[in-house]
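Peer 1: One structure, pasted below without further comment.
The values are calculated or read from the model by the stated rules, or taken from the named source; none is laboratory data. Predicted model only: the values in this text are computed from it and were never measured. Please note: Cβ atoms are built from the backbone with ideal geometry, for glycine as well, and neighbour counts cover all protein chains shown. Ligands, DNA and RNA are excluded from the accessible area calculation, which covers all protein heavy atoms including side chains. Shrake-Rupley method; radii C 1.70, N 1.55, O 1.52, S 1.80 Å.
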Amino acid sequence: MPTASSDRTQTLKVKVSGERPACHSVQRHAESQGGRGEKSEINGELTSGSVLESVHQASGIRGMEQLREDVTCSICLDVLSDPVSIECGHSFGRGCLSTHWSQISAQGHCCPECWAPCSGDRMIPNKRVKNLVEKITKPLQEETESQGPGAQPEPGRPVQLVHLDEEENLILDEEALSRCLEQGGVGDAPVCLVSIIGEQRRGKSFLLNYLLRRLRSPQDARDGSWMGREDEPLEGFEWRADEERVTKGVWAWSQSFWVPAKAGKVAVLLVDTEGSMDIESNKETSIKLSAFSMLLSSYQILNTGCRVKDPDLEYLEMFVQVAEVVGEAYGLEPIQHLDLLVRDWSSSRVLGAQGGEQHLRHVRQKLEAKSPCKHPKALEALKGNRSRCYLMPFPGERITMGSEGTLRDMGENFRESLRDYVTTLVSSASQHVQTDRHGEMLTGTQLAAKIKNLSDVMKKHHFGFSSPCQMAITFHNQRVVDSARTDHAVFLREKDGLSQRMVDCLKVDPSAMAEQFKEQRRSLLERCREEMREPEKETLLTALEAELAREANSFLETYRRCYQSHAINQRVMDRARTDHADFLREKDGLSQRMVDCLKVDPSAMAEQLVEQRRSLLEQCQKEMKESEETLMTALKAELTREAETFLGTYRRRFQSHNINKRVMDRARQDHADFLREKDDLSQHMFNCLMVTPSAMEKQFVEKCRSLLERCQKEMQEPKEALLTALEKELTREANGFLETYRKRFQCHLTILGQRLGQGLILLFAAKSSFSH
């Protein structure tokens, strides 16, 4: 069972499908502060707070005004349906917000109240507000639960759906239409609309009032008791038995009636139409009324007097043409069912469906006898199995001379015919639900949307309905224009998506984007010029060009801001990238130097990179214009990726440096041990004198070569520079030792010489003493 909220949502669908999209929600919110229970005119539309008023009246609690404020959607000014919150904290109905954003996608996603930038995919369900809405609207739901397929019909009243203004333009009352087709369970149900058209003063409203009596009675009332008491005045649609026109425009009974069907129940709605075949109505008005009647009927009654005359066939011809045009434009079956109801029949005694079949056969033969056929469309309609004819006799002088429509004033034959016709019609109503061209059932809400769209077209084309042919041209031109609008909207969405992506946006500067829009607009207008037909062609093209230019200019203004923001953000991000690259180069240079690298282990280096990245991102957050979370996330990921790559290299270098240091330290240790060994040798004269300095130098050279070869095998890359440095270090130490060794060797040699000289002197002295 639809609730007040669901009814409100259906009404919103129509509101947002009328004029071209524009972000007026803040204006609507501001204008609504004077009182949401009253209608406020916004951009030519009427927004009603009737649902909120009903909530207020049903609850009867103090502070309802404040609660009503808390659960009001500032887009549609009605109770929140499926409330969601966005980043700025404001709440809206999910359907309203999605529709609003889809219509202004070129301006980016922003809050309709405070204009703060938002993410289109972050609509968070607000359970607290939803529970509050349910508590407030519960009294209204309980009130509306009595209306629906399982409820007893209420009396209802006639409501005017369409009226004519001073210039004979048809004005649709959308609120009245919504009450008839979108509330009380009808919005989601199949509908059968019984509509009657025809000559003025031929008892159309009289007939509908007896249909009302039948529909109000139990479904099994087949004995005629539903017709009422003999003296019961006829009430319902306004009617009177004189020559003055009563019904003006199009009226409907506000309350639908539920009849059983195979798959549940069908809502039956009765529609009364102004006499559209009289001399007071101009042809354009008749065509417009016929178009509305066609959309408002799945069971059409063409009411005529005495017999089917040539003017009737001429009108039927026009009506069928209109039905075909409207059907093609709105995807409907041109005529689902047509009753030719002949009133005041007196040409034969055979009445009802049997007499109607004979009369219809005579009319078809008359039409077929003429070549070419004067009314081919009418003939085709009358030959089909969806049409029938019914003959009704004269009701009696008392009915036509000012009666209250009571049964006792009717002739017996007329009463029998009326009972038979009404009973047959009501019993077959469930078989005539409104469908589209493919046979798919239409709900009340879907049908209401089509009717409102037709009303919008009529408003835009004041002079496009002078004939069915002109009407077809009008609808054709409208389809061409709508196709161009759709293509332009797709183009806008594409460019809007591009503007959200910084890299793509910066490839197309605003002047180049303006040229693209200019070319797109020129292409669309050329296509429309080729496909559209006169006479409104140039007027429509001028209006379309202005509309497309307005949309393009609105988008380009947003695009320029996006481009400027992206350019600033790009510079800030590039500077951050450069600073990060410089930092990495500095640390890379450090990593090349073993001594410096081994001072900073990988975990400490990772901390330095994290701190550097945090500092750069904070700086970007401050300097970027309307910094987007996605950009910051992407930059952070990029810097993190570069840092991780460097850290991988740094860890490998640190490990290599560690290994190389251990190998080199062992080589130094071995060389130092070798030096100490040779130093000890050099302390002993006889050992020292046994190894000349040149021989010692060769030993050192061999030792150094051996150590370097071992290092060459054990060390990891990079090692050439380290080996060269180590070779120089060992050579320097060796040369220092050899310098000392030479001195010691020379000293030992001198001492040895001195000692040998002293020995020779003593030897000679001893020899001399022996000789004496």
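Peer 1: For residues that are open to solvent by 40 Å² or more (accessible area, probe 1.4 Å), part of a helix (DSSP H, G or I) and closer than 18 Å to ASN553 by Cβ, tally how many sit in the range 491-511.
Peer 2: 3
Peer 1: Here's another thing I want to ask about it. Hey, among LEU726, LEU730, LEU738, which residue is touching an Asp or Glu at 6+ places or on another chain (Cβ under 7 Å) and surrounded by 14 or more Cβ atoms within 10 Å (Cβ to Cβ)?
Peer 2: Result of the check over LEU726, LEU730, LEU738: LEU738.
Peer 1: Which of the following residues is under 26 Å from PHE394 (Cβ atoms), at pLDDT 75 or above and among the aliphatic types (A, V, I, L, M): VAL322, VAL326, VAL308?
Peer 2: Answer to the check: VAL308.
Peer 1: Determine the pairs where a residue that is at positive phi, located within the range 163-192, has a partner that is buried (at least 22 other Cβ atoms within 10 Å of the Cβ) and hydroxyl-bearing (Ser, Thr, Tyr) with Cβ atoms under 7 Å apart, the partner being 6 or more residues away or on another chain.
Peer 2: GLY184/SER256
Peer 1: Which residue out of HIS657, HIS748 is surrounded by 12 or more Cβ atoms within 10 Å (Cβ to Cβ) and within 30 Å of ASP588 (Cα to Cα)?
Peer 2: Sole residue among the options that is surrounded by 12 or more Cβ atoms within 10 Å (Cβ to Cβ) and within 30 Å of ASP588 (Cα to Cα): HIS657.
Peer 1: Assess whether SER178 counts as being modelled with pLDDT of 85 or more and assigned to a helix (DSSP H, G or I).
Peer 2: So SER178 passes the test.
Peer 1: On the basis of being open to solvent by 10 Å² or more (accessible area, probe 1.4 Å) and either at pLDDT 80 or above or more than 15 Å from GLU168 (Cα to Cα) (or both), does THR486 make the cut?
Peer 2: yes
Peer 1: Just give me the residues in the range 394-437 being closer than 27 Å to SER256 by Cβ and among the aliphatic types (A, V, I, L, M), in sequence order.
Peer 2: Scanning the range 394-437 gives LEU407, LEU418, VAL422, LEU425, VAL426, ALA429, VAL433.
Peer 1: Moving on. Which residues, counting only those in the range 512-535, are open to solvent by 50 Å² or more (accessible area, probe 1.4 Å) and either over 26 Å from GLY497 (Cβ atoms) or not acidic (Asp, Glu) (or both)?
Peer 2: Those that are open to solvent by 50 Å² or more (accessible area, probe 1.4 Å) and either over 26 Å from GLY497 (Cβ atoms) or not acidic (Asp, Glu) (or both): GLN516, LYS518, ARG522, SER523, ARG527, ARG529, GLU530, GLU531, ARG533, GLU534, PRO535.
Peer 1: Being over 30 Å from ALA323 (Cα atoms), open to solvent by less than 30 Å² (accessible area, probe 1.4 Å) and part of a helix (DSSP H, G or I) is the requirement here; does ALA552 meet it?
Peer 2: So ALA552 passes the test.
Peer 1: Return the residues of the range 555-599 that are free of Cβ contacts under 8 Å to residues at least 24 places away in the same chain, surrounded by 12 or more Cβ atoms within 10 Å (Cβ to Cβ) and not in a helix (DSSP H, G or I); say none if nothing qualifies.
Peer 2: Listed by number, the list holds a single entry, ARG593.
Peer 1: Can you say whether VAL610 is out of contact with any strand residue (DSSP E or B) (no Cβ under 6 Å at 6 or more places or on another chain) and either buried (at least 19 other Cβ atoms within 10 Å of the Cβ) or part of a helix (DSSP H, G or I) (or both), as far as the supplied structure shows?
Peer 2: So VAL610 fits the description; yes.
Peer 1: Residues of the range 393-441 being part of a helix (DSSP H, G or I), of a type outside the set (A, V, I, L, M, F, W, C) and crowded, with 21+ Cβ neighbours inside 10 Å, which ones?
Peer 2: Residues satisfying the conditions are ASP409, SER417, TYR421.
Peer 1: Just give me the residues in the range 234-252 being closer than 21 Å to ALA176 by Cα, modelled with pLDDT of 70 or more and open to solvent by 10 Å² or more (accessible area, probe 1.4 Å), in sequence order.
Peer 2: Within the range 234-252, GLU235, GLY236, GLU238, LYS248, TRP251 qualify.
Peer 1: Report, by residue number, each residue of the range 613-637 that is among the small types (Gly, Ala, Ser) and either modelled with pLDDT of 90 or more or touching a Ser or Thr at 6+ places or on another chain (Cβ under 8 Å) (or both).
Peer 2: Scanning the range 613-637 gives SER615, ALA637.
Peer 1: For the range 702-723: of the residues being among the charged types (D, E, K, R) and assigned to a helix (DSSP H, G or I), which is surrounded by the fewest Cβ atoms within 10 Å (Cβ to Cβ)?
Peer 2: LYS713
Peer 1: Just to be sure before I move on: is CYS76 under 30 Å from LEU548 (Cα atoms), at pLDDT 75 or above and of a type outside the set (Lys, Arg) in the structure I sent?
Peer 2: Judged against the criteria, CYS76 is not a match.
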